[in-house]
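A short write-up of the structure that comes next.
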Amino acid sequence: MNPQDALTHLPVNLVNYGVGTLVLIWIIREQVRRKPVNQKRVLGIVLSVIGLLETLSFIQHTPVKALDLGLTVLSLVVGSVLAVIRAHTIRIWSEGYGGQRVVLQQGNWLTALLWIVGIGQHLVLDAVATPELGSSTLLLYFGLIIVAQRRIVLMRATARHLIP
């Protein structure tokens, strides 16, 4: 890529990293906050759809090798494995509120650290694959990983008979 092309793509890359950083900060804050498990959450699905559209747009406008797509899928698999591990760092319990039982969840420092490790491994794509591939697929990564982690947390709560 010549210097002029790099300057043309710089704002998009900065936007991707900026949005990704804001989403990561929000996710970590939400992970360590005490909140109900069964709250309806659509964030993972919304981010997955937006991320998929952004990824498809990137692939249409940038030549991407099959190996790079394979590395992206591998990163999503690694992220999913980390999501399963991370879901087991989240405390799940039941508490009474106003005469009703509410199932709560709360992550900890390890939950937050695993999020950072997961994002870091995904962004390595920018160094080893097509430039900007990692940052362009970041919202897709966030969405899929949020959905995977949430599924495991719900399965754990159900297995403990906290959720019917």
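Computed values, structure above
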quantity	calculated
Among (1) out of contact with any strand residue (DSSP E or B) (no Cβ under 8 Å at 6 or more places or on another chain); (2) farther than 26 Å from Ile59 by Cβ, the one test that Glu95 misses	(1)
Any pair with Cβ under 8 angstrom, 6 or more apart, that starts in the stretch 122-136 at a residue that is within 15 Å of Lys65 (Cβ to Cβ) and ends at one that is part of a helix (DSSP H, G or I) and of a type in the set (Phe, Trp, Tyr)	Glu132/Phe58; Leu133/Phe58; Ser136/Phe58
Test: residue in the stretch 126-140 that is over 19 Å from Gly51 (Cα atoms) and part of a helix (DSSP H, G or I)	yes
Residue that is farthest from Val32 (Cα to Cα), among those in the stretch 66-112 that are among the basic types (Lys, Arg) and modelled with pLDDT of 95 or more	Arg86
Any pair with Cβ under 6 angstrom, 6 or more apart, that starts in the stretch 83-94 at a residue that is over 14 Å from Ile27 (Cβ atoms) and ends at one that is part of a strand (DSSP E or B)	Arg91/Gln106; Ile92/Gln105; Trp93/Leu104; Ser94/Arg101; Ser94/Val103
Residues of the stretch 120-139 satisfying the condition of being crowded, with 23+ Cβ neighbours inside 10 Å and not polar (S, T, N, Q)	His122, Leu125, Leu133, Gly134, Leu138, Leu139
Residue satisfying all of: in the stretch 81-109; assigned to a helix (DSSP H, G or I) and either touching a helix residue (DSSP H, G or I) at 6+ places or on another chain (Cβ under 8 Å) or at positive phi (or both); surrounded by the fewest Cβ atoms within 10 Å (Cβ to Cβ) among these	Trp109
Total residues in the stretch 21-77, condition more than 20 Å from Leu113 (Cα to Cα), without any contact (Cβ under 8 Å) to a residue 40 or more places away in the chain and of a type in the set (D, E, K, R)	1
Extreme residue, surrounded by the most Cβ atoms within 10 Å (Cβ to Cβ), among residues of the stretch 59-80 that are of a type in the set (A, V, I, L, M, F, W, C) and within 23 Å of Trp26 (Cβ to Cβ)	Leu76
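The values are calculated or read from the model by the stated rules, or taken from the named source; none is laboratory data. Here the structure is a predicted model, which means the values were calculated and not measured. Please note: Cβ atoms are built from the backbone with ideal geometry, for glycine as well, and neighbour counts cover all protein chains shown.
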